[in-house]
Amino acid sequence: MGFFLINLRCSKYIWLDKWTMSDILSLYCFHLSTNMNKLDLNCLPIFIAVVEAGNFSAAAERLHLTRSAVSKSISRLEGSLGIALFQRTTRQQTLTNDGMVLYEYAGKALNALQEASNYLESGKRNVEGKVCITAPRLLGNLYVVPLLVELMKLYPKLEIETVLNDRNVDLQQEGVHVAVRVGKLADSNQLIAHEIGYHKMIFCASPSYLAEHGIPQQLSELDKHQLIAYTQAGKILPWHVFDQNQQAHRYLPISKLVMDDMQTIMFAALNGAGIAYLPQWLVKENIKTGHLIEILSIYQSARYPISVVWVATSFLPLKTRVVIDAIREKLPLNLTSE
């Protein structure tokens, strides 16, 4: 996904969403396929007016031009394209098949450019107003919120609202502008997504616990250890890993200590409560400082993409674009310590 920066004989460049630019791109491809090298964009509004008015005279009246000027513009456009756009009779002008194709794409393209012009002239180039962002609670607290606070220092008129929870918020239904999501995304033509990193899990424990109970070398040895389990919706979640041969293993921890919050599990592990299975991006600083030690590293969890997602729209407000760019740039591209 992405954005194009274009200039169509204008003094200003404008950002347009890749998907909403499809009509303009199609027009450009049409331009190339007909060996057109000198398209006069000023002729396109006249062409559209002729189509919609039904004839040259009515179009000339609408545009406050002479019929001769309209006719010359259409002839100039046909000459540059090397095709006939109208079948002319003494009474009317009828679109050719090529003319129908050009009308379909040119109309949409010019409407898009007019909308862009109106947007730029509306004073909305300033980064101001409210942007609503949703993210998983823990990832949002640790990574997303701090960068949003810094962003607001750069743009004092920017307002931020966060919705931090672990469900997939419906962006369109709930009026949310941007989402940070973990996991494979469903295909959608309503949303745009950009992958910014990945999520994986590791086994870890405190040095004091490992000094007292020893370091397990195989998954089966976890049966002899104190484990800290994670529960969701009243069920203990199993630990899914792959060994060195890429063989999948499923281990259901049997534990006297069960918690429904990953950060709380990390605090328990830091205090010597046992072995935990936690997101690497959550514990990486404690791993670096030695407060936690990674174990069973021969086993690897699956990797799940972390993406920034937003609603596909004709023109993305600058306030939203700034937030998206900040998340893409500052949220680590690789949220692990590797």
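Just a few scattered comments:
- Among the residues of the stretch 218-232, some residue qualifies, meaning at least one is outside the structural domain of Leu138 (by the TED database), open to solvent by less than 30 Å² (accessible area, probe 1.4 Å) and assigned to a helix (DSSP H, G or I).
- Test for Ser301: is it within 24 Å of the chain's Cα centre (by Cα) and either surrounded by 16 or more Cβ atoms within 10 Å (Cβ to Cβ) or among the hydroxyl-bearing types (Ser, Thr, Tyr) (or both): no
- Set side by side, the residues Ile202, Ile160, Ile192, Ile196 differ, and just one is closer than 24 Å to Thr264 by Cβ and either aliphatic (A, V, I, L, M) or surrounded by fewer than 16 Cβ atoms within 10 Å (Cβ to Cβ) (or both), which is Ile202.
- Qualifying residue in the stretch 239-247 (condition: among the aliphatic types (A, V, I, L, M), surrounded by 12 or more Cβ atoms within 10 Å (Cβ to Cβ) and either farther than 26 Å from Val182 by Cα or not assigned by the TED database to the domain that holds Tyr143 (or both)): yes
- Subset of the stretch 174-189 [within 21 Å of Leu318 (Cα to Cα) and open to solvent by less than 60 Å² (accessible area, probe 1.4 Å)]: Gly175, Val176, Val178, Ala179, Val180
Conditions tested, residue by residue: (1) of a type in the set (D, E, K, R); (2) surrounded by fewer than 15 Cβ atoms within 10 Å (Cβ to Cβ); (3) at pLDDT below 95.
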{"site": "Glu128", "(1), (2), (3)": "yes, no, yes"}
{"site": "Ile133", "(1), (2), (3)": "no, no, no"}
{"site": "Arg137", "(1), (2), (3)": "yes, no, yes"}
{"site": "Asn165", "(1), (2), (3)": "no, yes, yes"}
{"site": "Gln172", "(1), (2), (3)": "no, yes, yes"}
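- In the stretch 249-286, the residues that are surrounded by fewer than 16 Cβ atoms within 10 Å (Cβ to Cβ) and β-branched (Val, Ile, Thr): Ile254, Val258, Thr264
- Evaluation of Ala112 against (1) in a helix (DSSP H, G or I); (2) of a type outside the set (Phe, Trp, Tyr); (3) at pLDDT 80 or above; (4) surrounded by 14 or more Cβ atoms within 10 Å (Cβ to Cβ) (one fails), failing number: (3)
The values are calculated or read from the model by the stated rules, or taken from the named source; none is laboratory data. Keep in mind that what you see is a predicted model, and the values were worked out from it rather than measured. Methodologically, a virtual Cβ is constructed for each residue, glycine included, from the backbone with ideal geometry; neighbour enumeration extends over all protein chains shown. For accessibility, only protein heavy atoms count, side chains too; no ligands or nucleic acids. Shrake-Rupley method; radii C 1.70, N 1.55, O 1.52, S 1.80 Å.
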